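The values are calculated or read from the model by the stated rules, or taken from the named source; none is laboratory data. Keep in mind the model is a prediction, meaning the values are calculated, not measured. Reconstructed Cβ throughout: ideal geometry from the backbone, glycine too, with neighbour counts over all protein chains shown.
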Amino acid sequence: MSARPPGPESGPESGSCPGGARGAGSLVRPCDRVRRWFTGLLLAGTCVAAPAAGAVAGLGCYRAELRAVDPDAGVYAADARLTRDAGGDAFGGRSPRLVTVPVSWTAPDGTVRTASVKVDPGSPRGAGVRVWVARDGSATASPPRTAAQAATAAWLAAGGAAAGVPLLAWGGWRVFVLVTDRRRAAQWEAEWRQKEPEMSGRVR
């Protein structure tokens, strides 16, 4: 009766690849060294890339948000009026939360300006709405962001980017482990096919 192949999980060399050197260094196989080096490099790279990605994302987001709160951006508030009824159901239902309608207002220079903003559904024509007008004439019903909100958005962006790097690294490491484990099992099987006849004869 043939002996059962020990497999990579059996014996004192569990977790090692076949084909390694026998004797004192038999417990350390080439694929073990490859995995060890890969894991070390991946950890080092993650430790460097995670804070760098967080810093880049946070700084970029903060600069973009600051442009919206720049006092020199020329944003001013105006009381506008809807020029037509807003569609949708005022009590919710299947209508969207906000609908886009045209509004008009008088600029500081006395000219009448128009734009389209998002308002609550069901708002009647002539209803008043506060709008914030940019230098280029575009208007929005949302107030400009504050410096505190810009900082909060930047911290969230930085945290998300920094957390995403180790997640990606972990996914890559899992794929690498899966590939090396399959290769290890194939190597064990190939070595067993070579050694099994000799071992079986000795058992008899």
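Selection of first residues in region 152-179 that are farther than 17 Å from residue 44 by Cα and of second residues that are acidic (Asp, Glu), restricted to Cβ pairs under 8 Å at least 6 apart or on distinct chains, gives the following pairs, ordered by first then second residue: 153/65; 154/65.
Before we move on, is residue 24 of a type in the set (Gly, Ala, Ser), more than 12 Å from residue 157 (Cα to Cα) and either surrounded by 13 or more Cβ atoms within 10 Å (Cβ to Cβ) or at pLDDT 85 or above (or both)?
Working: of a type in the set (Gly, Ala, Ser): yes; more than 12 Å from residue 157 (Cα to Cα): yes; either surrounded by 13 or more Cβ atoms within 10 Å (Cβ to Cβ) or at pLDDT 85 or above (or both): no.
No; evaluated as a whole, the condition is false for this residue.
Each residue in region 60-90 was checked for being at pLDDT below 75 and either surrounded by 14 or more Cβ atoms within 10 Å (Cβ to Cβ) or part of a helix (DSSP H, G or I) (or both), and 8 of them qualify. As a summary of the residue check, residue 32 satisfies the conditions (1) of a type in the set (Asp, Glu); (2) modelled with pLDDT of 85 or more; (3) not in a loop (DSSP other than H, G, I, E, B) except for the one numbered (2).
Quick check on region 101-124. Is at least one of its residues at pLDDT 85 or above, surrounded by fewer than 16 Cβ atoms within 10 Å (Cβ to Cβ), hydrophobic (A, V, I, L, M, F, W, C) and within 14 Å of residue 83 (Cα to Cα)? Within region 101-124, one or more residues are at pLDDT 85 or above, surrounded by fewer than 16 Cβ atoms within 10 Å (Cβ to Cβ), hydrophobic (A, V, I, L, M, F, W, C) and within 14 Å of residue 83 (Cα to Cα).
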